[in-house]
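A quick write-up on the structure given underneath.
The values are calculated or read from the model by the stated rules, or taken from the named source; none is laboratory data. Just so you know, these numbers come straight off a predicted model, no measurement behind them. Here Cβ is always computed from backbone atoms with ideal geometry, including for glycine, and neighbour counts include all displayed protein chains. Quick note on the areas: whole protein, heavy atoms, side chains included, nothing else; ligands and nucleic acids left out. Shrake-Rupley method; radii C 1.70, N 1.55, O 1.52, S 1.80 Å.
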Amino acid sequence: MIVGNLTNLALNYVWIYGKLGFPASGAIGSAWATVVSRWVMLLLLLAVAWRSLRPQLLPWRREALAWEPLRRMVVLGAPIGIQYELEYGVFAVVGIMMGWMGTAQLAGHQVALNLASLAFMVPLGVSASAAVLVGHAVGRGDAAEARRAAAAGLVCGVGFMSASAFVMLLVPTFLARIYTPDPSVVALAASLIPIAGVFQVFDGIQVVSIGILRGVADTRTPMIVNVLGFWLVGLPVSAALGFGARGGPRGLWWGLTVGLVLVALVLLWRVRRRLSRDVARVVIDRDVAPA
């Protein structure tokens, strides 16, 4: 990741501004820098991990194409991918709507969104660890440990997001100025960053809850809740507040906040319900009978 980011930084400098004999390509150069840096990360990961991956992949085994494990993997994994697309998609649509309002509005939106996304990385990592720990506990048949791991994940994720929310509410203008000296962009970003602070706690709740539910093999619920919370509630409220009520960029963000709060509360309720009863071990291997 470090090498990939340094590659991206260097190529952005060279291709955006036209250094080392390359033409200045602006945003297109930045896009190509992203493409190349992603390929660099992929190849490096394969090279570093090959010693561990090789015994699993070689020699080739016919059972690797057995239908039932592949079907089960898709049934578990596809809703996770769709959930990511749905969550990213609603923010992308709001970005398009922000662009309709003007360049400065879109720039301010990107500053606030990038700041919120940086903070989001910590509970996202906690979510992944919660999925592993809860899943292992479920595999051992230890429901009490699954509940302890879930509680620990929520404390860590929500605790960090509460701290980041405090900072965003306290010094929004200072944070905005880290990204740009443009007064109009700073003003717009500073008006949105406190709203990001409001939804930080709920963002932490929803992402850690998703990890916990993955640990008990409940991957469909987050997908369905994303459709209902973000697309059927949050996005229409954003449009109504941003355009209908003339709330502008703040209206769009308050709509996202409404959707995010709804998603967080429903997923937290689902976690409590799933962990309040016995949880069954998930089996991928066709040769092992389910518990």
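Okay, here's what the table says:
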{"read-out": "Odd one out for Gly141 among (1) open to solvent by less than 50 Å² (accessible area, probe 1.4 Å); (2) farther than 30 Å from Ala239 by Cβ", "value": "(1)"}
{"read-out": "Filter result (β-branched (Val, Ile, Thr) and exposed (fewer than 14 other Cβ atoms within 10 Å of the Cβ)) within the stretch 80-121", "value": "Ile96, Thr103"}
{"read-out": "Flag for Pro69 being in contact with a Lys or Arg (Cβ under 6 Å, 6 or more places away or on another chain) and part of a helix (DSSP H, G or I)", "value": "yes"}
{"read-out": "Some residue of the stretch 55-65 being surrounded by fewer than 13 Cβ atoms within 10 Å (Cβ to Cβ), free of Cβ contacts under 8 Å to residues at least 24 places away in the same chain and on the phi > 0 side of the Ramachandran plot", "value": "no"}
{"read-out": "Among residues of the stretch 19-49, those that are over 21 Å from the mean Cα position of the chain (by Cα) and among the β-branched types (Val, Ile, Thr), counted", "value": "4"}
{"read-out": "Test result for Arg38, charged (D, E, K, R), in a helix (DSSP H, G or I) and at pLDDT 90 or above", "value": "yes"}
{"read-out": "Residues (small (Gly, Ala, Ser) and touching a Gly at 6+ places or on another chain (Cβ under 9 Å)) located in the stretch 109-118", "value": "Ala116"}
{"read-out": "Residue in the stretch 7-29 that is surrounded by 11 or more Cβ atoms within 10 Å (Cβ to Cβ), on the phi < 0 side of the Ramachandran plot, among the basic types (Lys, Arg) and not in a helix (DSSP H, G or I) present", "value": "yes"}
{"read-out": "Options Val216, Val201, Val225, Val208: the member that is among the β-branched types (Val, Ile, Thr) and within 25 Å of Ile96 (Cα to Cα)", "value": "Val225"}
{"read-out": "Residue match in the stretch 121-144 (condition: in contact (Cβ under 8 Å) with a residue 24 or more places away in the chain and in contact with a His (Cβ under 9 Å, 6 or more places away or on another chain))", "value": "no"}
{"read-out": "Filtered residues of the stretch 122-138 (kept if open to solvent by 20 Å² or more (accessible area, probe 1.4 Å) and either touching a helix residue (DSSP H, G or I) at 6+ places or on another chain (Cβ under 6 Å) or at pLDDT 95 or above (or both))", "value": "Val122, Leu124, Gly125, Val126, Ala128, Ser129, Ala131, Val132, Leu133, Gly135"}
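Here's the yes/no breakdown for (1) at pLDDT 95 or above; (2) within 27 Å of Thr173 (Cα to Cα):
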site: Gly197; (1), (2): no, yes
site: Gln200; (1), (2): no, yes
site: Ile205; (1), (2): yes, yes
site: Ile210; (1), (2): yes, no
site: Gly215; (1), (2): no, no
site: Thr219; (1), (2): no, no
site: Phe230; (1), (2): no, no
site: Gly234; (1), (2): no, yes
site: Val237; (1), (2): yes, yes
